[in-house]
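Here's the structure, in structure tokens; my notes come after.
The values are calculated or read from the model by the stated rules, or taken from the named source; none is laboratory data. In this text, all values refer to a predicted model and were calculated from it rather than measured experimentally. Methodologically, a virtual Cβ is constructed for each residue, glycine included, from the backbone with ideal geometry; neighbour enumeration extends over all protein chains shown. Ligands, DNA and RNA are excluded from the accessible area calculation, which covers all protein heavy atoms including side chains. Shrake-Rupley method; radii C 1.70, N 1.55, O 1.52, S 1.80 Å.
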Amino acid sequence: MTDQNPVCRRLVGRTAVVTGAGSGIGLATARRFASEGADVVCADIDDTAGKAAADEVGGTYVKVDVTDPEQVEALFRTAFDTYGSVDVAFNNAGISPPDDDSILTTGLEAWKRVQEVNLTSVYLCCKAALPYMRRQGRGSIINTASFVAVMGAATSQISYTASKGGVLAMSRELGVQFAREGIRVNALCPGPVNTPLLRELFAKDPERAARRLVHIPLGRFAEAEEIAAAVAFLASDDSSFITGSEFLVDGGIAGAYVTPV
Ligand SMILES: NC(=O)c1ccc[n+]([C@@H]2O[C@H](COP(=O)([O-])OP(=O)(O)OC[C@H]3O[C@@H](n4cnc5c(N)ncnc54)[C@H](O)[C@@H]3O)[C@@H](O)[C@H]2O)c1
């Protein structure tokens with residue numbers, strides 16, 4: 001197991017569910033959660049990647065299409081039946097397909113698919129996790145939104161952006177509604193992450209990368225492990241006074257007007 005952090009053990013005795021655990025931010029977070037002592041339930045639609053993640057972190061794999069209500073309910077039931085609690089839900093699975101583009105060219109089917117996978121899934125996961133957390137009087141839900149939920153891009157992916165705005169507003173509302181029951185709900189808003197897909201895209205088209213990098217005060221994209229570190233903080237009691245937040249982990253993009261040269 002990759003141990004990102006040998007010092008912090010903030011999640012010992014906690015059960016954490018991660019959707020989209022097979023790749024990218026979800027995988028880095030499953031690793032980080034495990035390194036902090038959590039029992040990790042790795043959910044993904046991709047059997048190979050999901051199983052590999054669960055094996056690596058010594059957790060449990062559950063195949064889930066996060067758009068399917070019954071499969072989502074079964075996911076949280078498995079977490080509870082296997083480990084006895086549901087303490088952390090990292091509702092993270094999402095897609096960003098190429099046919100979701102400018103509003104001028106994006107069709108209704110593409111629009112709906114992205115809404116289902118990115119937004120309806122978060123509704124379903126929160127709905128399934130909350131009853132366990134309410135019974136325990138404790139829980140931390142982290143829903144993956146994006147920095148595009150708080151700022152506009154001329155390089156539009158219209159349904160993606162709208163879906164992440166929805167995740168942000170829903171998380172805020174749930175954070176407020178359940179605050180006095182010991183349940184915290186936060187929206188994670190990552191900036192662009194250095195994923196294989198992004199690297200491939202930008203290797204082919206350096207101008208495309210430069211157009212984006214100029215807006216990032218830190219001058220680079222995030223590593224998935226840096227996002228995972230923020231998720232672990234939100235999952236843990238170290239963030240006990242943080243709920244209903246738009247938690248930006250964006251290298252400063254959302255705060256910037258002119259960036260350093
Ligand atoms: N990568 C970025 O730059 C970035 C920036 C901001 C926000 N995000 C968000 O972070 C989240 C994770 O992004 P990533 O870059 O790690 O993505 P990724 O493509 O590397 O991983 C996503 C995982 O979700 C799984 N998945 C897809 N559809 C699913 C479904 N219907 N049911 C269950 N699992 C499904 C995939 O199999 C995959 O393992 C997404 O919500 C994304 O929108 C990413």
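When N is the residue count of the chain, what does its C-alpha Rg come to as a fraction of 2.2 N^0.38 Å? Could you put the intermediate results ahead of the total?
Numbers: Rg = 17.6 Å, N = 261, 2.2 N^0.38 = 18.2 Å.
Taking the Cα Rg and dividing by 2.2 N^0.38 Å, one obtains 0.97.
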Per residue of the chain, what 222 nm ellipticity follows from adding -39500 (n - 2.57) for every DSSP H run with n ≥ 4, rounded to the nearest 500?
-13500 deg cm²/dmol
How do 234-244, 33-43 rank on mean C-beta neighbours within 10 Å, highest first?
33-43, 234-244
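Compute the signed sum of charges (Lys and Arg +1, Asp and Glu -1) over the other residues within less than 10 Å, Cβ to Cβ, of residue 67.
On the way: positive: 113; negative: 65, 68, 116.
So the environment of residue 67 carries a net charge of -2.
Could you give the length gained by full extension between residue 104 and residue 261, i.e. 0.36 nm per residue of separation minus their alpha carbon distance, to one decimal place? Please report the intermediate quantities before stating the final value.
Values: separation 157, 0.36 × 157 = 56.52 nm, distance 3.44 nm.
Using 0.36 nm per residue and subtracting the Cα-Cα distance, I get 53.1 nm.
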How far is it, in nm, from the label point at residue 204 to the one at residue 136 when both lie 7 Å from their Cα along the line to the Cβ?
4.3 nm
Under a plain spin-label model, where a point goes 7 Å from the Cα along Cα-to-Cβ, how far apart in nm are residue 48 and residue 195?
1.7 nm
Lysines within cross-link reach of residue 164: Cα-Cα under 25 Å, excluding same-chain residues under 8 positions apart?
63, 112, 127
Which one, 133, 151, 170, has the greatest fluctuation when you compute a Gaussian network model over the chain with C-alpha springs under 10 angstrom?
151
Let me make sure I get this right: for the stretch 138-261, a, b and c are the square roots of the gyration tensor eigenvalues over alpha carbons, sorted descending. Under 1.5 in a/c it's rounded, otherwise prolate if a/b > b/c, else oblate. Which is it?
prolate
Could you compute how much accessible surface residue 66 exposes when probed at 1.4 Å, giving the result in Å² to the nearest 10?
10 Å²
Ranking 105, 155 from most to least accessible area with a 1.4 Å probe gives 105, 155
Most fluctuating residue of 87, 47, 65 in a GNM of the chain with Cα springs under 10 Å: which is it?
47
Which whole-angstrom value gives the distance between the alpha carbon centres of the stretch 181-226 and the stretch 145-176?
15 Å
Under a Gaussian network model of the chain whose springs join Cα atoms within less than 10 Å, the largest fluctuation of 227, 142, 216 belongs to 216
